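Next up is a structure, given as structure tokens.
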Amino acid sequence: MSGAEKRDLLLTGLLLCLLMLGVWWAQTHLNAYLIRIFNTACIYVVAATAYNLVNGITGQFSLGPNGFMAIGGYTVALLMLPMTQKQEVYFLQPLMWPFNAFSFPPSLFLLALLLGGLLAALVAILIGVPTLRLRGDYLAIATFGFGEIIIVLANNFIPLTNGALGIKGIPEYTNLWWTVGWAFWTVFVLKNLVNSSFGRALKAIREDEVAAEAMGINLFRHKLLAFALSGFFAGVAGGLFVTLISTVSPTLFTFTMTFNLLIIIVLGGLGSLTGSTITAVLFAFLQEGLREVEAPHTIGSWTFPGIPGMRMVVFSVILVILMIFYRRGLFGRWELSWQEVLNLLHRGKKTHGKS
Amino acid sequence: MMNWTTFFQQLMNGISVGSLYALLAIGYTLVYGILGLINFAHSDVFMLGTYFAFFLIGVFMLPWWLSVIIGMGLCALVGMTIERVAYRPLRNAPRISALITAVGVSFFIENLGLVTVGARPKGFPRPELMKNVYFIAGARIQGVTFWVPLFSIAILLVLFYLVYRTKMGMAMRAVSKDMETTRLMGVNVDRIILYTFALGSALAGIGGVLWACKYPQINPLMGTFPGWKAFTAAVVGGIGNVVGAMIGGFIIGLAEIMIVAFFPNLTGYRDAFVFALLIVFLLVKPSGVMGETLKEKV
Amino acid sequence: MKKLVAYFVVVVLILFAGCVWAQDTIRIGANLEMTGAVAAYGQMIWEGINLVREIVGDEVLGKKVELVLVDNKSDKVESANAATRLIDKDKVVAMIGPAISGSMLAVGPICEEKQVPVISATATNPLVTQGKKFVFRACFLDPYQAAAAAVFARNDLKAETAAILSDIAQDYCVALGNFFKEEFEKRGGKIVVEQNCKTGDQDFSAQLTTIINANPDILYVPNYYTEIALISRQARDLGFEGIILSADGADAPELFEVGGDAVEGLYHTAIWDATKGLNEVGQKYIDLYKEKYGKDPNMFGALGADAYLILIDAIKRAGSTDPVAIRDAMEDTADLDVVTGKVTIENGDALKPVVVRKVEGGKFNFVKTVAVE
């Protein structure tokens, strides 16, 4: 390992320790509301960076991440739901085999998440094989279609998903340790991937598929792998979501979820993992913060009545304006690396020295 | 199983719904043919058409036929505005950007609708003509099921004339074949594109009104699923091809009704079938029933 | 870049740091669907709550009652966030919860853990209150309502056969259809055909054709008014002559607007009869609503008002603003006069008789109350 790489690893390790300290502090000092928002933010980080891998880094326009999150979410729910709940919740039609025969104990939460992710990745491969041959907008339509089909299945396949009734009573295993941990791990893995030759191949595919193929890059294999990885992390994010709010139903993973992720990665910069991470956190806070836009305001003796729903209007306007004027998003394709951080610090030192 | 009368009823129904999808599909296919853009906001113009008519009839007390014509005009205006404001700046941008913008515009219109008129569905005033019931070949056919396809087909014929027999139509077809050359030949491409949007949106508007005559309930989110089915119809028929869109519309409409008629247990999966059909066509025959296979130039 | 991020974080933190100034009010949260798919319900409930405050005043125990409204966008995740926010940030002592069961299922565990009582105006899924001490509802349960419908169908309508057309995408509809079938068959009836539709569907001709061919006496359509109106219309157009029976989802003036003469003769089970109040506060509510909005009040608003009244009464009886004490008082509610009649709370559920109404002359007419023995 070169000196720079060793240094980077050290710094990353340091960051991890800082984060863990932060989580420990937060667990004891912050109120539940803020913790919940942080949890949501980290889950969005996992989902958004994975989504950016496909849309931003590889340049393949997929509109189906909600489907993969649903697969992960339902898998984790079915695995972790205690047996008594399974009886109660599936009162219309009993839960089908093999899920009615066992249930994971809390210690196997990680395994459940991994299985959820794996299943989502598998489905991603199944979907990817036929559809990744398609051109840009056709791929978008096909992935959207698959996302919708998964939701329809969730609604109708009652012995598995309990249909529209959904599943309740999922034990709330998710906490800041899990979410921050997964967020860190996801960004770490994806960052290293993007900086490797595999990542460079993906970017080449994004820039010019024909040229990339001429250079010897196997388009299909690379796209499929990226798609599968993205599916995996989306599945994990879904699993984390489901154990955060303790219920799941088809309405949780509709196209609106895809739209949210789309806004996040566009705003952050298609192709910048750093951007997606930061915007994902911002988004989670903005969603709550923008309630002020909708709440009634009293200035002096005038009361402006709240307009519920303005949030979504504002979001869509922002998206359109961004695409027209500032397509790069906040960070464009820029990635934060330890080198950059050190440069900034050194520059600071230098100017200080001079004055 | 099914007797002749029921089958005939379902058939008429399928044709009725199919003609509505055809009207809507043409808008998608025209825009895609010219710009290579899937206009996600098209289904919302469809929805706006119904609301324009609703308010013109209810608030301004205008006669039905006048409201519809003004409504169509307003839809055309909305379509042109969307093109000018949201799509034209991105004419030379990567396709993903234009697609995302289209999604944004669609969400914007839907949520604006939710904020202004609210989520509660409103009853659409059906004209007298549509309320009658006719007995044809022993089957009970509502006036609506009968008149909607007739109106639609009349409109489609007018459209056919416009696209294939007028200069404007020829210009439209030229632009969709090769924009640069057409521009070099002196045609004002921007104006043609505006005209295309106006035409497609007006069709969506009247399509919406006819839809509301058949299913007299309107709400801001009503365009989503009909929009997807109409888009599927456009793809199935051959995207970019107007006649294809018409044929595709009837295929999807009939397929939808017949699947549920013959396999009632699969009703819940109805939408999944339409999407599955879309995906299959995209994979196997993306040029659709009527289209030519396009080769990607290196 | 880092500066930008820092600024953002500061701004966001300020938004949260600016908290609640101490006020001498009693804060009650309203976690409602003001936007999104079922915004109509949340909006109607909010209407009802504010209306009943005009009647009974907005004070209890000598302090002002402040309602903190938070929109949950008809979404589970948002409902959960909204609940946490109301409890942690706004420090509410009690909450009026989401209208739909799905969102209540997400809110319940939070309120249970934080020991703050939450009452939903209209969530009817039995799973909502099951095993919970702090979760309440102001309405009856789906199993009870559907059973009452079945009893009415067998005893009063003398129906031998029935068909069910329910919305597979709504837990409310699925449960109702299921329990109706159970009770109907238990009493000797026969379900000849069951069909499904999906929320947002507009064409039911295929399902209805199959149903009509099976020739049932009754068609049970336990959906929301949006679908009922369309279904009735198409059913009549296709020649269905049997009776259409629905559930409380039919209770909305839009039923007539869209259904027109197709809904004449439709029966439905309801929470109350909106034309005549069963008690003083009920009558006042109906009169005030008609005066303000020019039409008959709807069930959602009335139940919202009930939820509010139950809360206020519990606070009064508890004599304190401690959420646990309020919760205990709520569980003890018995024969309380609310807008829709009298209510008694047992295990978090509201015990109320089921009312059956019939559409005649473009209006709902009271038929009778049904009890299930």
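Once Rh is set to the Kirkwood radius over Cα pairs, what Stokes-Einstein translational diffusion coefficient, in µm²/s, holds for chain B at a temperature of 20 °C and a viscosity of 1.002 mPa s? Could you put the intermediate results ahead of the total?
On the way: Rh = 19.7 Å.
This corresponds to a translational diffusion coefficient of 109 µm²/s.
Percentage of Cα-Cα pair distances in the range A:78-137 greater than 13 Å, rounded to whole percent?
Values: 1236 of 1770 pairs.
Counting every Cα pair in the range A:78-137, those more than 13 Å apart make up 70 percent.
Over chain A, what lengths in whole Å, largest first, do the semi-axes of the equivalent ellipsoid take, defined as the square roots of 5 times the eigenvalues of the alpha-carbon gyration tensor?
On the way: eigenvalues 213, 149, 107 Å².
In descending order the semi-axes read 33, 27, 23 Å.
How big is D, in µm² s⁻¹, for the protein assembly as shown by Stokes-Einstein at 20 °C and 1.002 mPa s if Rh is the Kirkwood radius over C-alpha pairs? If you can, show how the numbers build up before the last one.
Working: Rh = 30.0 Å.
Once the numbers are plugged in, D ends up at 72 µm²/s.
Quick one: if the Förster radius is 35 Å, what FRET efficiency do B:Asn265 and B:Trp4 give, using the C-beta to C-beta distance and rounding to 0.05? Walk me through the intermediate numbers first.
On the way: r = 23 Å, r/R0 = 0.65.
Taking R0 as 35 Å, the efficiency between B:Asn265 and B:Trp4 is 0.95.
Pairs of Cα atoms under 8 Å, at least six residues apart: use those to get the relative contact order of the range C:143-270, whole percent. Mind showing how you got there, number by number?
Numbers: 234 pairs, mean separation 32.9, N = 128.
It comes to 26 percent, rounded to a whole number.
Go ahead and run the numbers for FRET between C:Asn213 and B:Leu157, Cβ-Cβ distance against an R0 of 51 Å, rounding to 0.05.
Working: r = 37 Å, r/R0 = 0.72.
E(calc), rounded to 0.05, equals 0.90.
So which of C:Lys64/C:Lys89; C:Lys73/C:Lys292; C:Lys73/C:Lys114; A:Lys168/C:Lys363; A:Lys86/C:Lys358; A:Lys86/B:Lys229 end up more than 29 Å apart, counting from Cα to Cα?
Details: C:Lys64/C:Lys89 19 Å; C:Lys73/C:Lys292 26 Å; C:Lys73/C:Lys114 23 Å; A:Lys168/C:Lys363 39 Å; A:Lys86/C:Lys358 39 Å; A:Lys86/B:Lys229 37 Å.
Long pairs (Cα-Cα over 29 Å): A:Lys168/C:Lys363; A:Lys86/C:Lys358; A:Lys86/B:Lys229.
Another question, if that's okay. Could you size up the charge dipole of chain A around its Cα centre, putting +1 on the beta carbon of Lys and Arg and -1 on that of Asp and Glu, and report it in debye to the nearest 20? Mind dumping the intermediate values first?
Values: 22 positive and 15 negative charges, 172 e Å.
The calculation lands at about 820 debye.
Also: For the range C:143-270, what is one quarter of the convex hull surface built on the Cα atoms, given in nm²?
Values: hull surface 25.7 nm².
It is 6.4 nm².
Once every Cα of the range C:94-164 carries one equal point scatterer and solvent is ignored, give the base-10 log of I(q)/I(0) from the Debye formula at q = 0.24, 0.26 Å⁻¹, two decimals.
-0.93, -1.05
Find which of A:Gly56, A:Ala124, A:Ala32 sits farthest along the positive direction of the dipole of the range A:1-150, computed with +1 on the beta-carbon of Lys and Arg, -1 on that of Asp and Glu, about the Cα centre.
My answer, from the dipole projection, is A:Gly56.
Further question on the same structure: For the protein assembly as shown, what is the charge dipole size about the Cα centre, in debye to the nearest 20, if Lys and Arg each add +1 at the Cβ and Asp and Glu each add -1 at the Cβ?
Numbers: 81 positive and 78 negative charges, 706 e Å.
Around 3400 debye, computed over the protein assembly as shown.
Specify the angular offset, from 0 to 90 degrees and rounded to the nearest 10, of the alpha carbon long axis of helix C:142-155 from the longest principal axis of the alpha carbons in chain C.
20 degrees
Please state the relative contact order of chain A as a whole percent: Cα pairs under 8 Å, 6+ residues apart? Could you put the intermediate results ahead of the total?
Working: 520 pairs, mean separation 101.7, N = 355.
After rounding, I find 29 percent.
Among A:Leu10, A:Ala228, A:Val45, flag the residue with its Cα farthest along the positive direction of the charge dipole of chain A, charges on Cβ as +1 for Lys/Arg and -1 for Asp/Glu.
The Cα lying farthest towards the positive end belongs to A:Leu10.
So what is the relative contact order for chain B, in percent, with contacts set as C-alpha pairs under 8 Å and at least six apart? Don't skip to the answer; put the middle values down first.
On the way: 469 pairs, mean separation 104.5, N = 298.
Rounded, it is 35 percent for chain B.
Which Cα, out of C:Ala148, C:Gln170, C:Phe204, lies furthest along the positive dipole direction of the range C:143-270 (beta carbon charges, K/R +1, D/E -1)?
Positive-end residue among those listed: C:Ala148.
Using a simple spin-label model with points 7 Å from Cα along the Cα→Cβ vector, what separation in nm is obtained for A:Val341 and B:Val284?
Calculated label separation equals 5.4 nm.
To continue, here is another question. Nearest 10 degrees is fine. How inclined is helix B:64-82 to the longest principal axis of chain B, computing both from alpha carbons?
For helix B:64-82, the angle is close to 30 degrees.
Separate question: Which net charge results for the neighbourhood of A:Phe104, defined as the other residues with beta-carbon distances under 15 angstrom from its beta-carbon, given Lys and Arg at +1 and Asp and Glu at -1?
Working: positive: A:Lys86; negative: A:Glu172.
Once all neighbours under 15 Å are counted, the net charge is 0.
Here's something else I'd like to know. Just grab the label-to-label distance for C:Gln130 and B:Lys177, each label 7 Å out from Cα along the Cβ direction, in nm (one decimal).
6.6 nm
Separate question: Once you put a point 7 Å from the Cα of A:Leu21 and another 7 Å from the Cα of A:Gln87, both along the Cβ direction, what distance in nm separates them?
5.0 nm
Nearest 10 degrees, 0 to 90: what angle lies between the long axis of helix C:76-88 and the longest principal axis of chain C (Cα atoms)?
Taking the Cα atoms of chain C, the angle to C:76-88 is about 40 degrees.
So, one more: Amide H of C:Leu69: which non-local residues (sequence gap of 5 or more, or other chain) have their own amide H closer than 5 Å, using H built in the peptide plane?
Residues meeting the criterion, in which the H sits 1.01 Å from N, are C:Ala30.
Another question, then. For a Förster distance of 25 Å, can you work out the FRET efficiency between the beta-carbons of C:Glu241 and C:Asp156, rounded to the nearest 0.05? Can you show the working numbers first?
Details: r = 18 Å, r/R0 = 0.74.
Given R0 = 25 Å and the Cβ-Cβ separation, E is 0.85.
So, with +1 on the Cβ of K and R and -1 on the Cβ of D and E, and no other charges, what is the size of the charge dipole of chain C about its Cα centre, to the nearest 20 debye?
780 debye
What number in nm² do you get for chain C if you take the convex hull of its Cα atoms and divide its surface by four?
20.3 nm²
Still on this structure: Please report, in whole Å³, the volume per residue of the convex hull around the C-alpha atoms of the range B:154-298.
142 Å³
Quick note: the coordinates plus some simple rules give every number you see, no bench work behind them. Computed from a prediction, not measured in an experiment: that's the story for all the values here. No Cβ is skipped: glycine too gets one built from the backbone with ideal geometry, and neighbour counts run over all protein chains shown.
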